[in-house]
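The values are calculated or read from the model by the stated rules, or taken from the named source; none is laboratory data. In this text, all values refer to a predicted model and were calculated from it rather than measured experimentally. No Cβ is skipped: glycine too gets one built from the backbone with ideal geometry, and neighbour counts run over all protein chains shown.
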Amino acid sequence: MDIKAPLARSSYLWLLVCVLLILLPHISRLPISLLAGYGFCLIWRTLIHYGKAQMPHSLVKLALIVIGLIIIRKGYQNLLGVDPAAAFLLLAFIFKFLEAQRIRDGLLVIFLGYFCLPIAFLFSQSIVMTLYVLVALTALTTALVKIVKPVDQSSGWLDIKQVSQMFVSAVPLMLVLFLLVPRIGPLWSVPLPSGQAKTGPSDSMSPGDIASLAQSDGLAFRVEFEGSIPNTKTLYWRGLVFSDFDGRTWRMGNSHDQQRRSAIWGNKNSLLDNLPASLEIKKYQITFEPSHQPWLYALDYPVTSSSTVGLTAEYTLLAKGMINKRSRYEMKSSPSWITDPILDPAIRNHNLKIPDSGNTRAKQFAIKTRLKSTSDQQFVDEILNYYHRQPFYYSLKPPRLGEHSIDEFIFDTRKGFCEHYAGSFVFLMRAAGIPARVVAGYQGGEKSSEGDYLLVHQFDAHAWAEVWLPNRGWVRVDPTAQVAPERIEFGIEEATAYENSFLSDSPFSLLRYRNNRWLSQLRLKLDAIEYDWNRWVLGYNANRQSDFLKRYFGLVSSEQKTRVLIGSVILFLIVVTIFFTRKENVKKSQKCDQLYLKFCKLMDKRGVARGAGEGARDYSLRLIGRFPSEANRISTITNLYSYLNYGPDMKDQERKRILKRLGHEITAIRLSSDRTKHG
């Protein structure tokens, strides 16, 4: 193969398909201007292919590179990070495709494609993405075959079949390597900087924030319980606590860095050691989706955590870094645990603060109601009854609030989402002298019909309140339940059914049609497959590997594993070598032998059977002696058969041509025999 030879025109279409397949997974992440640049290069190369444009000059190439870098810099505000690096690699890939003219260029495009294709795994490792990458890998390898064999005019489907057979034959080795090779963290497990948007509640909460989050159908996490799944209305997944209020926005009392420094990390100093044995303990495992935030979630109240999870003073959980990959952690919670039965004076004062100015009506209402109450608990009940009696509405589309947001919500609009109710309730508690704070996280979840686990989505985001009561510590209070109890019992879809606002911005989401039994079963089945994929493939870490090899193969030491690995690879290579050697020989002679056996059967019917061990040449001499009138055809058939079996190597096209002639000669001698028989 001359790599300096021009690239065959038939190879261009395969290269174009490969380029499009590699670009497709990144379309939603790339800036529009950069996508337009990619499209411009592809159109230009297509025009070159049809002879309607010329190859770009070197100065034009340089200008394109500079423009591309400027677009990436402007689109990502940075040239460092996963997103701009991926965009730049794809840009280089497109530019190489634009200037591809010779076989060498085509090979470089293919090899760059092999390098760029795994970039998709930096952003998604789902089973769908894996299957897609396999399809693209098949197309790339098929294009490689077409470029390496430019004179071969065989159908592209035959090349795809050949490539697919190559991949299938590699599956045993892939499994051996997957099971036995020491597990190291994949590239996407490294916490690389990325421009991806954060998901889930943030470190502050203003009116409308969680309502916006509730319009997302993204998955937040999955939960596996030991035993039965608790009732939905008890599933409050706490994540952040807001104790600072400036009149409109709630914020955390301590920064993330302060919380991380003061948190209890891992199982040391476990709170379980100090808990009464009579307390109910719930055990469960959470598989958390990448949120690019440090917050983790657990039921009230987390009492133990894994070695990579920290427990804050406000009984929330922290990861050691941003959660940029799917994480799994085990938890234990005690819903009946009394937290902070004696409240520290500094914490009390912190959770009583409200702005001196603004929201005057709410302050006066709280003080007036508190004077009529004989206890803190009675005051809490009075405020909850107020939400229940007055015409409040639960809505994903609440009206905007002005400077005095608490007053406007409680006495004017009375239409809001969970953050409106939680925030206003905590404000009234503090105005009456009762320590209170806002808790943000998720509430409820969807039980999978395909497995014993729970799915918690972004639209399950929720905010509620905690008040401190004497002898009871921090107590959860959810004012939303007074206005829309169906939200707590059945979920947000039921609570907003009257205004048809559930996932109104995502009309094609399958979650929007959960009432359709067939679509719901399909969605949950796909999620179960994805969940198993996450657990057994992506979650196959060093610990799982050690447990698997010890349980099923009795392999404990590194030496045993190494010997088995080396032996398996050697055995695989021997089997593959024998298989392909035999297959190649059979493939070359199979069609030829079939035709000759057909000829022998035909002669047998005419009374001249081929003897055991008789060579083709000797058999032809006997046939010519018996049928002298057909000597030329018999000699031609024998010569063609001998040439195909014992002649020099030939190209596929020439072999097909000779096989075709051999078939014609045998057909002709059969027709001649039929005429003689009927004559």
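Quick notes on this structure:
- Every residue from the stretch 242-263 that is modelled with pLDDT under 90 and either within 32 Å of the chain's Cα centre (by Cα) or not assigned by TED's automatic domain parsing to the domain that holds residue 354 (or both): 255, 256, 257, 259, 260, 263
- Among residues of the stretch 14-36 that are without any contact (Cβ under 8 Å) to a residue 24 or more places away in the chain, those with a beta-carbon under 7 Å from a residue that is assigned to a helix (DSSP H, G or I) at least six positions away or on a different chain give the pairs 27/35.
- Qualifying position, being over 30 Å from residue 414 (Cβ atoms) and at pLDDT 90 or above, among 367, 338, 347, 281: 347
- Taking (1) hydroxyl-bearing (Ser, Thr, Tyr); (2) surrounded by 14 or more Cβ atoms within 10 Å (Cβ to Cβ); (3) over 58 Å from the mean Cα position of the chain (by Cα) in turn, residue 641 satisfies each apart from (3).
- Given (1) under 25 Å from residue 503 (Cβ atoms); (2) surrounded by fewer than 22 Cβ atoms within 10 Å (Cβ to Cβ); (3) modelled with pLDDT of 90 or more; (4) not charged (D, E, K, R), number of the condition residue 433 does not satisfy: (1)
- Every condition in (1) of a type outside the set (A, V, I, L, M); (2) modelled with pLDDT under 80; (3) under 26 Å from residue 54 (Cα atoms) holds for residue 195 except the one numbered (3).
- Considering the stretch 231-246, and only residues there that are surrounded by fewer than 17 Cβ atoms within 10 Å (Cβ to Cβ) and out of contact with any helix residue (DSSP H, G or I) (no Cβ under 7 Å at 6 or more places or on another chain), the residue that is farthest from residue 531 (Cα to Cα) turns out to be 246.
- A single member of 178, 225 is modelled with pLDDT of 80 or more and surrounded by fewer than 17 Cβ atoms within 10 Å (Cβ to Cβ), and it is 225.
- Every pair of residues 6+ apart whose Cβ atoms lie under 6 Å, when the first sits in the stretch 538-550 and is under 16 Å from residue 329 (Cα atoms) and of a type outside the set (A, V, I, L, M, F, W, C) while the second is surrounded by 15 or more Cβ atoms within 10 Å (Cβ to Cβ) and modelled with pLDDT of 70 or more: none
- Top-ranked residue of the stretch 587-638 - restricted to ones that are in a loop (DSSP other than H, G, I, E, B) and of a type in the set (A, V, I, L, M), ranked as surrounded by the most Cβ atoms within 10 Å (Cβ to Cβ): 608
- Filter pass, residue 615 being on the phi > 0 side of the Ramachandran plot and at pLDDT 85 or above: no
- Filtering 4, 52, 61 for residues that are in a helix (DSSP H, G or I) and more than 31 Å from the chain's Cα centre (by Cα) leaves a single hit, 61.
- Some residue of the stretch 98-105 being buried (at least 16 other Cβ atoms within 10 Å of the Cβ), aliphatic (A, V, I, L, M) and outside any helix (DSSP H, G or I): yes
- Condition check for residue 366: crowded, with 17+ Cβ neighbours inside 10 Å, of a type in the set (Gly, Ala, Ser) and either outside the structural domain of residue 257 (by TED's automatic domain parsing) or in contact (Cβ under 8 Å) with a residue 60 or more places away in the chain (or both): yes
- When 493, 486, 419, 499 are checked against the criterion of being acidic (Asp, Glu) and modelled with pLDDT of 90 or more, a single residue qualifies: 419.
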